[in-house]
Amino acid sequence: MAEGKISSAVIKRLPRYYRHLGELLEQGVERISSGELSERMKVTASQIRQDLNHFGGFGQQGYGYNVKYLYTEIGKILGLDKKHNVIIIGAGNLGRAIANYANFEKRGFVITGIFDKNPAASERELKGKRVMDIGELEDFAGKNRIDIAALTIPKDEAVMVADRLVRLGIKAIWNFAHTDLNVPKDVVVESVHLSESLMRISYKLVNGDEE
């Protein structure tokens with residue numbers, strides 16, 4: 001198991017390892033060397049070994065990695081061996097897209113509630129669930145365990161809703177609103193700013209990708 005603080009760069013690479021190893025499993029590959037994984041992922045073999053050594057290594061010199069075992073262990077590190085109850089705040093286009101993305105449930109992220117402030121939205125269903133009015137949030141949270149809340153709402157509403165989520169004891173927010181959230185240190189926030197991602201693409205397109 002990891003000792004000390006793991007850098008954010010290593011944590012960001014873990015889902016990539018998991019995805020590539022899953023593809024290897026589907027292809028029937030049983031073993032892979034760090035060199036072969038390096039060619040596939042475009043990460044140096046030494047970086048792969050260094051990353052995995054934070055968590056115990058998992059490989060043997062001259063023997064490589066057991067793909068299924070490494071895939072399973074990285075899944076455990078990422079918490080994918082547990083079920084995570086997720087709610088979505090905002091039933092617009094993005095909220096609907098997230099609710100309908102089947103791979104989330106395969107990874108243990110289960111959509112348990114969908115909320116919207118628009119009264120018309122509460123007349124709809126997404127994945128067999130009624131879209132609830134945002135006023136029902138507190139009552140729902142009191143009756144159900146919520147691990148993660150996805151915010152797919154305008155930025156002028158996100159801060160207030162985030163405060164409500166914090167008061168309800170929700171410890172993880174997946175933030176798609178174009179604003180930074182000021183929450184207590186024990187609340188995890190993963191912000192996904194789509195426009196910023198496009199700007200990074202634009203920079204690399206104009207200036208070249210120097211990474």
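The values are calculated or read from the model by the stated rules, or taken from the named source; none is laboratory data. Given the structure is predicted, the values throughout are model-derived calculations rather than measurements. Don't worry about glycine lacking a Cβ; one is built from the backbone with ideal geometry, like all the others, and counts go over all protein chains shown. Accessible surface is based on the protein model in full, side chains and every heavy atom, while ligands, DNA and RNA are left aside. Shrake-Rupley method; radii C 1.70, N 1.55, O 1.52, S 1.80 Å.
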Q.
Counting only helical runs of four or more DSSP H residues, what would the 222 nm mean residue ellipticity of the chain come to if each run contributes -39,500 (n - 2.57) and the total is spread over all its residues?
A. -13000 deg cm²/dmol
(Q) Output the 0 to 90 degree angle, nearest 10, between the alpha-carbon long axis of helix 194-207 and the longest principal axis computed from the alpha carbons of the chain. (A) 40
Q. Based only on the alpha carbon positions, what is the Kirkwood hydrodynamic radius of the range 154-201, in angstrom?
A. 11.3
(Q) Quick check: pseudo-label points 7 Å beyond the Cα along Cα→Cβ at Val159 and Tyr203, how many nm apart are they? (A) 2.5
Q. If one computes the Cα centroid of the range 176-205 and of the range 19-68, what distance in Å separates the two points?
A. 30
Q: Collect residues whose amide H, placed 1.01 Å from N in the peptide plane, falls under 5 Å from the amide H of Ile153; neighbours closer than 5 in sequence don't count.
A: Phe176, Ala177
Q. How are the Cα pair distances of the chain distributed, in percent, across 5 Å bins from 0?
A. 1, 6, 12, 15, 15, 14, 13, 11, 7, 4, 1, 0, 0
Q: Any chance you could give the angle, 0 to 90 degrees and rounded to 10, that helix 67-77 forms with the longest Cα principal axis of the chain?
A: 40
Q) With respect to the cross-link table entries Lys82/Lys106; Lys117/Lys143; Lys83/Lys171; Lys76/Lys106; Lys117/Lys155, which display a Cα-Cα separation exceeding 18 Å? A) Lys117/Lys143
Q) Quick one: Cα convex hull volume of the range 115-184, Å³ per residue? A) 95
Q: First compute the accessible area of the chain with a 1.4 Å probe, then give the percent of it belonging to carbon and sulfur atoms.
A: 51
Q: Mind checking which of Pro154, Thr179, Val10 is farthest towards the positive end of the chain's charge dipole, using Cβ charges of +1 (Lys, Arg) and -1 (Asp, Glu) about the Cα centre?
A: Val10
Q: Please report, in debye to the nearest 20, how large the charge dipole of the range 59-180 is about its Cα centre when each Lys and Arg carries +1 at its beta carbon and each Asp and Glu carries -1 there.
A: 480
Q: Could you work out how far helix 155-167 tilts from the main Cα principal axis of the chain, as a 0 to 90 degree angle to the nearest 10?
A: 80
Q.
Can you compute 3J(HN,Hα) from phi for each residue in the range 46-54, using the Karplus curve 6.51 cos²θ - 1.76 cosθ + 1.60 with θ = phi - 60°, rounded to whole Hz and x for Gly and Pro?
A. 5, 5, 4, 4, 5, 4, 6, 5, 4
(Q) What does the extension gain come out to for Phe58 and Ala102, with contour length at 0.36 nm per residue minus their alpha carbon separation? (A) 12.8 nm
Q: Can you tell me the order of 189-195, 91-97 when each peptide is scored by its average per-residue count of other Cβ atoms within 10 angstrom, highest first?
A: 91-97, 189-195
Q: Calculate, for the range 1-145, the solvent-accessible area per residue in square angstrom, rolling a 1.4 angstrom probe over the heavy atoms of the protein chains.
A: 59
Q.
Quick check for me: using +1 on Lys/Arg Cβ and -1 on Asp/Glu Cβ, what's the dipole size of the range 115-211 about its Cα centre, in debye to the nearest 20?
A. 300
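Using 0.36 nm times the number of residues separating Val10 and Ser46, minus their current alpha carbon distance, what extension gain do you get? Write out the running numbers ahead of the final one.
Values: separation 36, 0.36 × 36 = 12.96 nm, distance 1.30 nm.
Separation in residues times 0.36 nm, less the Cα-Cα distance, equals 11.7 nm.
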Q | Debye equation applied to the C-alpha atoms of the range 6-76, log10 I(q)/I(0) at 0.16 Å⁻¹ | A | -0.47
Q.
Between Glu196 and Lys117, how high is the FRET efficiency from 1/(1 + (r/R0)^6) when r is the Cβ-Cβ distance and R₀ = 30 Å? Nearest 0.05.
A. 0.75
Q. So what is the relative contact order for the range 43-109, in percent, with contacts set as C-alpha pairs under 8 Å and at least six apart?
A. 25
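To the nearest whole percent, what portion of all C-alpha pairs in the range 71-127 is separated by more than 14 angstrom?
Every Cα pair in the range 71-127 considered, those over 14 Å come to 57 percent.
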**Q.** Farthest positive-ward along the chain dipole, Cα basis, beta-carbon charges - from Phe109, Tyr65, Leu94
**A.** Tyr65
